[in-house]
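Have a look at the structure below before the remarks.
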Amino acid sequence: MKIDMLGPFSAALAGVPIAPSAGKPRRILALLALHAGQAVPVSAVVDEVWGAEASPKAHMTVQTYVLQLRTLIGQALDDPRAGRDVLVTRHGSYALLAGEGAVDVHAYDRLCAQGQSAFETGDDATAAARLREALALWKGRALDGVQGGPALGLEAMRLEQSRTDVLERCLTAELRLGAGERLLPELSALVEEHPHHEALHGLLMTALARSGRVSGALSVYETVTARLDERFGLLPSPDLLRLGQELRELAGQASHHA
């Protein structure tokens, strides 16, 4: 089984698509895939699909949708009975037995944990490699094509925030490895995409300075400072202020020696 959530939602078994086009069963499959191998109570499924608007018979509708999913699984495996072996019932709960490595979110989280561990111990080469692997799993907006309820909505938000955080950490590790010049195009695009993200601007400033473009780094600093003031009425963070001061000192030294 292969289930992708880091972009357009898709699910396939033996190469055959099994994701329903209808919104509610599609959402149920996404919820079960997110917790693949774990029992998801019927009550949690009802909350995700209907919330406070659930009828007293919503659990029966869940059974109907699960039957539809099992039918799709059976068709993919050319075995009508296989659905119950893949999407199993467990004491008022359902569990999707997707198999190891089937869900891209789970692979992403594992790679992120490995990269973070290496980052914290100063192993920048391993950190950068694992985090780049994690980022390569993304194909678009998290859970695109699934109308999220409470759980899936929060998961989509978590993943999108994680993506930015992981990218920042990966770029930091690569900068420490001396990749300043190579990262300039990527960092320039990122600050355009995230015009108020201080850390990404700081990384671009650092990359520019290490590439001998101190004046360009100062220009980036002035731009983000103006944006923060205009949009939020805020000064830059202490880290960005400190970096700006260091760049001014570098520029002053260069001017003095010129």
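Nothing in this text is a laboratory measurement; each read-out follows from the coordinates by a stated rule. Because the structure is a prediction, the values reported are computed rather than measured. Neighbour counts are summed over all protein chains in view; Cβ atoms, including those assigned to glycine, are modelled from backbone coordinates with ideal geometry.
Kirkwood Rh, Cα Rg: Rg to Rh for the range 50-99?
1.05
Which ³J(HN,Hα) values, rounded to whole Hz and listed in residue order, are derived for the range 75-82 from phi using the Karplus coefficients 6.51, -1.76 and 1.60 in 6.51 cos²θ - 1.76 cosθ + 1.60 with θ = phi - 60°, glycine and proline given as x?
In residue order, the calculated couplings are 5, 5, 9, 6, 8, x, 8, 5 Hz.
Compute the separation of the alpha-carbon centres of the range 116-186 and the range 217-242 and state it in Å as a whole number.
24
Once phi is turned into ³J(HN,Hα) by the Karplus curve 6.51 cos²θ - 1.76 cosθ + 1.60 with θ = phi - 60°, what whole-Hz value does each residue of the range 27-44 show in order, with x for glycine and proline?
After applying 6.51 cos²θ - 1.76 cosθ + 1.60, I find 5, 5, 4, 4, 5, 5, 5, 4, 10, 3, x, 10, 6, 10, x, 4, 4, 5 Hz.
Please report the spacing between the Cα centers of the range 1-80 and the range 194-215 in Å, no decimals.
Centre-to-centre distance over Cα atoms comes out at 44 Å.
Amide H to amide H, which residues 5 or more places from M5 or on other chains are under 5 Å from it, using H placed in the peptide plane?
Amide H neighbours of M5, under 5 Å, 5+ apart: D104, V105.
If each of H59 and L177 carries a label point 7 Å out from its Cα toward its Cβ, how far apart are those two points in nm?
Simple spin-label model gives 5.3 nm for this pair.
Take every Cα-Cα pair in the range 2-50 and report what % of them are more than 15 Å apart.
Counting every Cα pair in the range 2-50, those more than 15 Å apart make up 45 percent.
Between T223 and T89, how high is the FRET efficiency from 1/(1 + (r/R0)^6) when r is the Cβ-Cβ distance and R₀ = 41 Å? Nearest 0.05.
0.10
Between S211 and A189, what FRET efficiency comes out of the Förster formula 1/(1 + (r/R0)^6) with R0 = 22 Å and r the beta carbon distance, rounded to 0.05?
0.85
K57: which lysines have alpha carbons under 22 Å from its alpha carbon, excluding same-chain residues fewer than 8 sequence positions away?
K24
Any idea what the alpha-carbon Rg over 2.2 N^0.38 Å comes to for the range 1-114?
With N residues counted in the range 1-114, Rg over 2.2 N^0.38 Å equals 1.04.
Pull up the cross-link candidates among the lysines for K139, meaning alpha carbon to alpha carbon under 21 Å and not fewer than 8 places away within one chain.
Excluding near neighbours in sequence, the set is K2.
Out of all DSSP beta bridges in the chain, what portion is antiparallel? Express it as a percent rounded to 5.
85
Taking K and R as +1 and D and E as -1, what net charge do the other residues with C-beta under 11 Å from the C-beta of R141 add up to?
That works out to 0.
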